[in-house]
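This report concerns only the one structure given below.
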Amino acid sequence: MVTDAVELRRATPDDADFLVALYAPEDVDPFLGPRRARSREELLAEIERSAREPATFGRMIIEAGGERAGALGYHEVNARNRIAQLEGLAVHPSFRGRRLADAAAREAQRYLLLELDFHRLELACYGFNERAIAHAERSGFVREGVKRKAYLRNGEWQDAVEFGLVREDLEG
């Protein structure tokens, strides 16, 4: 999976320390879901699952110029209706501001919809995460609504902005 700007590849155990460092900074943590894997052991378990179940679960590394630049993930949420949820998008600080996340999201969309044959992709982000909302819209996702006060985060209820994408959205 390669575009002009990025390459997506499945994470390997050699990427575990990179992922720990990517998700650890205090400026990243508020934007991650509370169940997001953060420890080396949790991330290794997800990497192993990604290798075992590539059609339904993925931990992917974003590379730019041959260097690890970030990560994203997906998992099947509805097998009958072929729906996958995207999650855990993060870009290393030294690669931010270059729209690599947008390119990686578009590459993931093509991979999941065209190669893995999902019918629909979904993602959600906290309502306060303006950068994630703008990213989702730039990369082609359609804003479908807001779940009001849907998630308890650090003692406060947070809205979730929900996005979707179907194959026809790629073709249109």
ask   = Scanning the range 161-172 for residues that are of a type outside the set (Val, Ile, Thr) and at pLDDT 95 or above, which turns out nearest to residue 118 (Cα to Cα)?
value = 165
query = Somewhere in the range 103-122, is a residue surrounded by fewer than 19 Cβ atoms within 10 Å (Cβ to Cβ), of a type outside the set (D, E, K, R), assigned to a loop (DSSP other than H, G, I, E, B) and at pLDDT 95 or above?
reply = yes
ask   = Residues in the range 132-148: is at least one in contact with a Phe, Trp or Tyr (Cβ under 8 Å, 6 or more places away or on another chain) and among the hydroxyl-bearing types (Ser, Thr, Tyr)?
value = no
inquiry  = of a type outside the set (A, V, I, L, M, F, W, C), part of a helix (DSSP H, G or I) and over 15 Å from the mean Cα position of the chain (by Cα): is that true of residue 42 in this structure?
reply    = yes
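Residue-wise test of (1) more than 22 Å from residue 159 (Cβ to Cβ); (2) open to solvent by less than 30 Å² (accessible area, probe 1.4 Å); (3) at pLDDT 95 or above; (4) of a type in the set (Val, Ile, Thr).
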residue	(1), (2), (3), (4)
35	no, no, no, no
48	yes, no, yes, no
53	yes, no, yes, no
57	yes, yes, yes, no
74	yes, yes, yes, no
80	yes, no, yes, no
85	no, no, yes, no
task = Please enumerate the residues belonging to the range 136-163 that are touching a Leu at 6+ places or on another chain (Cβ under 8 Å), farther than 21 Å from residue 35 by Cβ and of a type outside the set (A, V, I, L, M).
result = 140, 141
message = Can you find, within the range 52-76, the residue that is nearest to residue 36 (Cα to Cα) among those that are aliphatic (A, V, I, L, M) and more than 14 Å from the chain's Cα centre (by Cα)?
response = 55
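The values are calculated or read from the model by the stated rules, or taken from the named source; none is laboratory data. This structure is a prediction, so every number in the text was calculated from the model and none was measured. Note: ideal-geometry Cβ built from the backbone for every residue, glycine included; neighbour counts use all protein chains shown. All accessible areas refer to the heavy atoms of the entire protein, side chains included, with ligands and DNA or RNA removed. Shrake-Rupley method; radii C 1.70, N 1.55, O 1.52, S 1.80 Å.
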